[in-house]
1. Give me a count of the residues in segment 93-130 that are over 22 Å from S168 (Cα atoms) and not aliphatic (A, V, I, L, M).
2. Could you count how many residues in segment 109-162 are aliphatic (A, V, I, L, M), within 16 Å of the ligand (Cβ to nearest atom) and closer than 16 Å to E6 by Cα?
Amino acid sequence: MNWPPEVQQDVIERELAQYRAFDQARRAGVACPDRPPLPPSHAPRGFRFALGLALHLVLKTIWLAASAAHAKSVMAWAAKARIEADDLWFEPRACGLNSSLTDLGLALVLAGETQAAIACLDRSWRVHPCPHAVTFGLRRELATRLGTCREAGAIVCQYWDALRLFTSVGRR
Ligand SMILES: [Zn+2]
């Protein structure tokens, strides 16, 4: 499958620095620098926005139902479909992609495909930060699940580092 292009770490750090400057100025009550653009300029508008929202909500509902039923192949299918349709989500290559890659990784863990799940974790933090992702961070379930897997060690550590980087903005 084609994964959306990853966001490079230096871009993530630059965008986080913009959020940090915005946040600090707001807290200090001084004139704010420009808020980082949100959603990204390639986000869908109009009909594509509505279509993308509906599609993603349906696919997420299918994933949740499949997860409750431990239907790992359906979980993987629904998560892959969301990844393929990431450009239709209103925040492309951001928190939604972190979430759909997490969902795919969780399905792969259930299927015993550990290496593929590790690849999902490795890819899933390379996304644009957005305000709620900055505040609440990236999803933790896949990193937690792979935390007991020795071969995932370095990738799991890297993920927690990325999560700390994301949540470093907005702390008092
Ligand atoms: Zn977001």
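Coordinate-derived values only; no laboratory data. Just so it is clear, the model here is predicted, and its values are computed rather than measured. When we count neighbours, we look across all protein chains shown, and the Cβ atoms used for this are built from the backbone with ideal geometry, even at glycine.
1. Here is the first cut: in segment 93-130, the residues over 22 Å from S168 (Cα atoms) are 100-101, 103-120.
Next, from what is left, pick out any that are not aliphatic (A, V, I, L, M): 100, 103, 105, 112-115, 120.
Here the count works out to 8.
2. Residues of segment 109-162 aliphatic (A, V, I, L, M): 109-111, 116-119, 121, 127, 133-134, 138, 142-143, 146, 152, 154-156, 162.
Checking which are within 16 Å of the ligand (Cβ to nearest atom) leaves us with 127, 133-134, 138, 162.
Subset that is closer than 16 Å to E6 by Cα: 127, 138, 162.
Residues meeting the conditions: 3.
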